[in-house]
């Protein structure tokens, strides 16, 4: 055990003396934060306050429109047609940011154009659309019905048909959360692949520079293999913790200092309508999805819960796949020789991500159920299921999946140890499948 | 110190060792000789427990050998290998700790040897920055840094210049004087004569000889004498007549010659001397003891020994 630990520490030191590893440790989370930044920024882009001129030659709107209290948009009316060119170039209109065309046909074709000088932010666009639509709606009620505005809006409410799983009546499982689980699962796959390749390279390198013979005179092949997997795994874990630390700090900075507005739910309270109407109005609008994403990141995902499970499943999956990478490294003649055998592992890891995706789109299928128990795919599928929220009383399924994964890992490490022992001293030959079977027989 | 009893090993039905038994005494330098592919490295790997024997027993200090004994063994493999990107001292500390030394003792021993082999100034350098000879020294230190009782050296002199060969051979003699046991596998037969007490020859997976180096050489002598004389070569040849056979001769100039003569029948050295007396002036007469090179050649190929 002491020797395995010494080997693990040496591997860890080697990783930390590697510039690329250190660079990835810092650049990895920065890259992810940058992606998030641009994602958030895309919703926050554009002009945040707008001076809007409404061209209403038919006088439909009677120079009335309710602007938001926060004064992000101020409206001005002109009772005449205004050509775009004139608006664009005319000196009198240079102070206006946008022109809205409301002609007499608007009541029939329900079509209006907003010509802006600078693309407004999603938030401002949302408010403008909403305020204009409400005003036109009021005009239509007045012209075509005898109903009061409130009556009309009551009738206008569509029947909200919500499909829900009988095992999840509160609809806790959702696509958005599922995708976050898939991201966790993808990170498992990414780290397993990146650090699995390190196991392969390190094993093949020790073999090709013959240090392995010196090492094996002090430790058993199984101890060497385990030490190597553990050391590289520790490097992976440290990297994960550093990534998590930086990403957490980044998200806090985003919330507090960079995008304080976008994360404030009161943003939407300026619109004096019920939540249902707001929901309905905003449906099919990307801003709504964006807002959901923000809420998802900051409110709905229990990161502590996810992170603990992520660690357990990552460690088990890493050792599980690490056994395969060790085998390839041990039977390889050179570092590059083993690359050909990596493809099947990449395919299997790709399948694991695909099954994770299936767990989102067809969460209750038998295929997904099996995939959540099969050790090759379970780490990703379980992360999706955990993010979606497990129905009450079904946590045992996660434990069962983890136990199967751990038992499979022990079995495969044992088998890998046998092949490793046989392969590691076979110098100067290319990797062949038959080496694996010879190792198993011996 | 080490007993190897009836050890056999096969790889994919190919016999690599066939019931080999050796006895390595405490404090001796034991030569493990044999042509390439004879099975020496396999035997060394079995002693180091890198691979398991199919049959046979190994005893270390009278006890059945186990992984516990590995810390008392030092190993320098024929195919040298070090972590190229690792520092010299760091590497020695790692390997010494793997052999059971504490970090403090590992550091103390490593520094001692680095100083002794004059590479202390390079202790912080990476292996890839060292010359081949320098790296060989580091590899040698790696084998002895944990103060093993049994040192197994597979071709320890390859890659060293003559100065460093001398240095290493002297170190081995010092280690022997400290009571360490050394198994020395080499193709350099002169070094076997120089430092080995006993030796075994392995050929085609089997041990074909094991004895003290002197006995091995002695066992291969075949009644040949080299005679340095001055006088007439024809008179010398006539004196030999049919009782002795001249198998080689060398003209040293100024009527001085070196001849190699073999006895025929029951003739002894005294008979030869009697026959030559009065015919020539004898300067030196010496019985020819085969070199280890000749012993090696005789035993594995039956080749005739050549004149030195």
Problem set entry | Tally, over segment A:207-219, of residues that are free of Cβ contacts under 8 Å to residues at least 12 places away in the same chain and surrounded by fewer than 24 Cβ atoms within 10 Å (Cβ to Cβ) | 1
Exercise. Of these, B:58, B:43, B:22, B:82, which one is in contact with a helix residue (DSSP H, G or I) (Cβ under 7 Å, 6 or more places away or on another chain), in contact (Cβ under 8 Å) with a residue 40 or more places away in the chain and over 30 Å from residue B:122 (Cα atoms)?
Worked result: B:58
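Could you go through segment A:41-50 and let me know if any residue there is at pLDDT below 80, assigned to a loop (DSSP other than H, G, I, E, B) and in contact with a strand residue (DSSP E or B) (Cβ under 6 Å, 6 or more places away or on another chain). Break it down stepwise before answering.
Here is the first cut: in segment A:41-50, the residues at pLDDT below 80 are A:41-49.
From what's left, assigned to a loop (DSSP other than H, G, I, E, B): A:45-46, A:48-49.
Still in the list and also in contact with a strand residue (DSSP E or B) (Cβ under 6 Å, 6 or more places away or on another chain): A:46.
Within segment A:41-50, one or more residues are at pLDDT below 80, assigned to a loop (DSSP other than H, G, I, E, B) and in contact with a strand residue (DSSP E or B) (Cβ under 6 Å, 6 or more places away or on another chain).
Can you find a residue in segment B:153-168 that is within 14 Å of another protein chain (Cβ to nearest Cβ), in contact with a strand residue (DSSP E or B) (Cβ under 7 Å, 6 or more places away or on another chain) and in a helix (DSSP H, G or I)?
no
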Problem set entry | Of residues in segment B:76-91 being in a loop (DSSP other than H, G, I, E, B) and touching a strand residue (DSSP E or B) at 6+ places or on another chain (Cβ under 6 Å), the one surrounded by the fewest Cβ atoms within 10 Å (Cβ to Cβ) | B:85
Exercise. Only one residue in A:194, A:200 is surrounded by fewer than 21 Cβ atoms within 10 Å (Cβ to Cβ), out of contact with any strand residue (DSSP E or B) (no Cβ under 9 Å at 6 or more places or on another chain), assigned to a helix (DSSP H, G or I) and away from chain B (no Cβ under 14 Å), so which one is that?
Worked result: A:194
Exercise. Looking only at strands (runs of 3 or more DSSP E) that fall completely inside segment A:55-145, which ones have 3 or more residues that are in contact (Cβ under 8 Å) with a residue 12 or more places away in the chain and over 27 Å from residue A:259 (Cβ atoms)?
Worked result: A:73-78, A:98-101
Seminar exercise, completed: Within segment B:125-152, residues being assigned to a strand (DSSP E or B) and within 16 Å of residue A:215 (Cβ to Cβ) number 1
Exercise. Within segment B:174-183, is even one residue farther than 21 Å from residue B:59 by Cα, in contact with a strand residue (DSSP E or B) (Cβ under 9 Å, 6 or more places away or on another chain) and surrounded by fewer than 17 Cβ atoms within 10 Å (Cβ to Cβ)?
Worked result: no
Exercise. Could you list, in sequence order, the residues of segment B:218-246 that are surrounded by fewer than 18 Cβ atoms within 10 Å (Cβ to Cβ) and under 30 Å from residue B:39 (Cβ atoms)?
Worked result: B:218, B:219, B:221, B:222
Problem set entry | Candidates A:362, A:368, A:398, filtered to the one that is free of Cβ contacts under 8 Å to residues at least 40 places away in the same chain and surrounded by 14 or more Cβ atoms within 10 Å (Cβ to Cβ) | A:368
For this session: Filter segment B:66-79 down to residues that are more than 23 Å from residue B:132 (Cβ to Cβ) and in contact (Cβ under 8 Å) with a residue 24 or more places away in the chain, then give me how many there are.
Result: 4
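Of these, B:289, B:247, B:227, B:202, which one is in a strand (DSSP E or B) and in contact with a helix residue (DSSP H, G or I) (Cβ under 7 Å, 6 or more places away or on another chain)?
Going through B:289, B:247, B:227, B:202 in turn, just one is in a strand (DSSP E or B) and in contact with a helix residue (DSSP H, G or I) (Cβ under 7 Å, 6 or more places away or on another chain): B:202.
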Exercise. Do we find that residue A:234 is surrounded by fewer than 17 Cβ atoms within 10 Å (Cβ to Cβ) and at pLDDT 85 or above in this structure?
Worked result: yes
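So if I check each of B:183, B:168, which one is under 14 Å from the mean Cα position of the chain (by Cα), under 30 Å from residue B:102 (Cβ atoms) and without any contact (Cβ under 8 Å) to a residue 60 or more places away in the chain?
B:168
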For this session: Scan segment B:92-124 for residues that are in contact with a helix residue (DSSP H, G or I) (Cβ under 6 Å, 6 or more places away or on another chain), within 14 Å of chain A (Cβ to nearest Cβ) and not in a helix (DSSP H, G or I) and report the count.
Result: 2
Exercise. Taking segment A:209-238 on its own, how many of its residues are at the interface with chain B (Cβ under 9 Å from one of its Cβ atoms) and assigned to a helix (DSSP H, G or I)?
Worked result: 7
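From the list A:180, A:149, A:166, which residue is more than 14 Å from chain B (Cβ to nearest Cβ) and within 25 Å of the chain's Cα centre (by Cα)?
On the way: A:149 fails: within 25 Å of the chain's Cα centre (by Cα); A:166 fails: within 25 Å of the chain's Cα centre (by Cα).
That would be A:180, the only listed residue that is more than 14 Å from chain B (Cβ to nearest Cβ) and within 25 Å of the chain's Cα centre (by Cα).
The values are calculated or read from the model by the stated rules, or taken from the named source; none is laboratory data. Only a predicted model underlies this, so the values are computations on that prediction, with no experimental measurement involved. Methodologically, a virtual Cβ is constructed for each residue, glycine included, from the backbone with ideal geometry; neighbour enumeration extends over all protein chains shown.
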